[in-house]
Each structure stands twice: as C-alpha cells, then as structure tokens.
Amino acid sequence: MKQLAEFDADPEFFMNNVSEGKYMIKAGEWPAFLYDTGIINPNDLLKGFMQGKVLVCAFQHIFTGPSSAISGTCNATKLAKAHIHGLTKPMGQTLGYAAV
C-alpha cells in the first residue's frame with residue numbers, strides 16, 4: 001500500500017480521508033486474503049472480493065463461534081454474537097471488523 005506511512009502516522013486521519021473520498025483505494029491494492037482465490041477474475045476485481053477463506057473463517061469465529069470457523073457447523077452452548085447483536089447476514093462493517 002503506497003500510503004502506508006501516512007496511515008501509520010495517523011490512522012484515524014487517514015481513514016477519515018478514505019471515508020470522505022479524499023484518498024482512493026483501488027481494487028488492485030487490497031490484500032489477497034480478502035479474495036476467494038478460486039474465483040478471482042482479473043477483468044472483474046470484485047469477483048471473489050470479501051470471500052477469502054481467511055476472512056470467512058475470521059468472521060465465523062467472531063460472530064458465530066470458533067467451532068463454526070473450523071467445522072462449518074455451530075456446536076456452541078451459548079448464543080452467538082451475531083444473534084446477540086441482531087445480525088442476520090454479513091455486512092460491510094462486520095466484514096471490515098473481521099478483516100482488521
């Protein structure tokens with residue numbers, strides 16, 4: 001990432017500039033773990049985006065429990081955080097949280 005030094009110097013300022021459109025992050029600059037490598041298409045950079053195995057497992061671990069991240073099924077004895085917070089589907093904010 002070209003702007004890494006700027007981000008490291010002041011992450012909040014940098015993220016505000018990204019949110020306001022002052023800094024542009026291009027699809028080709030996203031980390032590979034955000035993509036499902038089985039369906040990446042160089043002509044369609046959104047294909048497979050936010051579907052990478054590591055990201056999906058991190059999301060499942062946080063929101064549906066560690067067992068679901070490993071086995072794909074939930075064997076929890078208490079309510080998942082997704083249920084507690086009323087999450088019914090992955091959203092940009094929750095995927096972003098898992099990615100960080």
Other-chain or far-sequence residues with amide H under 5 Å of Tyr23's (modelled H): Val18
Per residue, in Å², the accessible surface of the chain once ligands and nucleic acids are set aside, probe 1.4 Å: 74 Å²
Full-extension gain in nm, Glu20 to Ser71, via 0.36 nm per residue minus C-alpha separation: 14.4 nm
Cut-off under 5 Å, modelled amide H: who pairs with Lys47 long-range: Asn41
Rounded tilt (10° steps) of 53-63 against the dominant C-alpha axis of the chain: 60 degrees
Top positive-direction residue, dipole computed over the chain with Cβ charges, set Gly52, Met24, Ile70: Ile70
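Determine the dipole magnitude for the chain: charges of +1 sit on the beta-carbon of Lys and Arg, -1 on that of Asp and Glu, nothing else is charged, the reference point is the Cα centre, and the result goes in debye to the nearest 20.
Values: 8 positive and 8 negative charges, 94 e Å.
Dipole magnitude for the chain comes out near 460 debye.
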Local electrostatic count, Phe49, Cβ distance below 13 Å [Lys/Arg +1, Asp/Glu -1]: -1
Heavy-atom accessible surface of the chain: percent carbon and sulfur, 1.4 Å: 61 percent
The chain, relative contact order in percent, only Cα pairs under 8 angstrom and at least six apart counted: 17 percent
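The values are calculated or read from the model by the stated rules, or taken from the named source; none is laboratory data. Keep in mind that this is a model prediction, so the values were computed, not measured. Glycine gets a Cβ as well: all are built from the backbone with ideal geometry, and neighbour counts include every protein chain shown. Quick note on the areas: whole protein, heavy atoms, side chains included, nothing else; ligands and nucleic acids left out. Shrake-Rupley method; radii C 1.70, N 1.55, O 1.52, S 1.80 Å.
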